[in-house]
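Here, each number is a calculation from the coordinates, and none is a lab measurement. Not measured: the values here are computed from a predicted model. Backbone-built Cβ (ideal geometry, glycine too); neighbour counts: all protein chains shown.
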Amino acid sequence: MERGRFITFEGGEGTGKSTQARRLAQALRDRGINVVETREPGGSPAAELIRKIILSGAAEPFGPVAETMLFFSARDDHLTTVIRPALERGDWVICDRFIDSTRAYQERAGKVKSDLIRSLERTVIGETWPDVTFILDIDPETGLERARGETGGGPDRFEDADIEYHKKIRTAFRAIARSEPGRCVLINARKPADDVAQTVWNEVSLRYDLDDEDD
């Protein structure tokens, strides 16, 4: 059986990643493709427990290295129990955040050493890299306004950081997009959601020879 496709959505707070991930998943299902929707941190029962620890800020006092180890622990379980089995079945996996968020938030903004991140990537991710990554780009002020307006339970540990932190995140994601143009597609997330969804679909349909009918 042909391996499924692995697509990730990345970006700072309030870029619309979750919305666009859902829209792409539905567009693929409408064309008869089996899709697994998931997210990070989280995506599996064990990883969801770690997610609660991270987003609550409970791990923050232990420093960025400890937090990074928690992210990779969650990712290891997520890959083992959800992502790899789905890809082996031939399903497409669409994930809201993956390794590029670790590179942006922990490595570049949190200043965790690159050597540690690369070592963990080799050990945990191995060959299971996204086929395509959509990086949604928006100015941090607008993104945070959106995110805080959508969060019913109040801001999480990352949304609550200061604006300079979020500027670093944006710069990091843009640098990642430039460094891996074959995998990463940078999209202006200030555009209407329908326009962003169409851009995503155009890219996916072109890469994987899918039809171009409207969603």
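Cβ-to-Cβ counts within 10 Å put 119, 101, 205 in ascending order as 119, 205, 101, the fewest first. What you get for the chain, charging only the Cβ of Lys and Arg (+1) and of Asp and Glu (-1), is a dipole of about 600 debye around the Cα centre.
Placing dummy labels 7 Å off each Cα toward the beta-carbon, the span from residue 48 to residue 73 is 1.9 nm. Rg and Dmax of the chain, based on Cα coordinates, read 16.5, 50 Å. The spread of Cα positions in segment 41-101, taken along each principal axis and listed from longest to shortest, comes to 41, 22, 15 Å. Summing charges over all other residues whose Cβ lies under 13 Å from the Cβ of residue 94, with Lys and Arg as +1 and Asp and Glu as -1, gives +1. A DSSP coil position with no more than 16 other Cβ atoms inside 10 Å describes the following trypsin sites (Lys or Arg not before Pro) in segment 96-179: 111, 113, 157.
Determine, for 200, 35, the number of other Cβ atoms within 10 Å of each Cβ, and report the residues in order from fewest to most. All intermediate terms of the calculation are to be shown ahead of the outcome.
Working: 200 22, 35 19.
The order, fewest Cβ neighbours first, is 35, 200.
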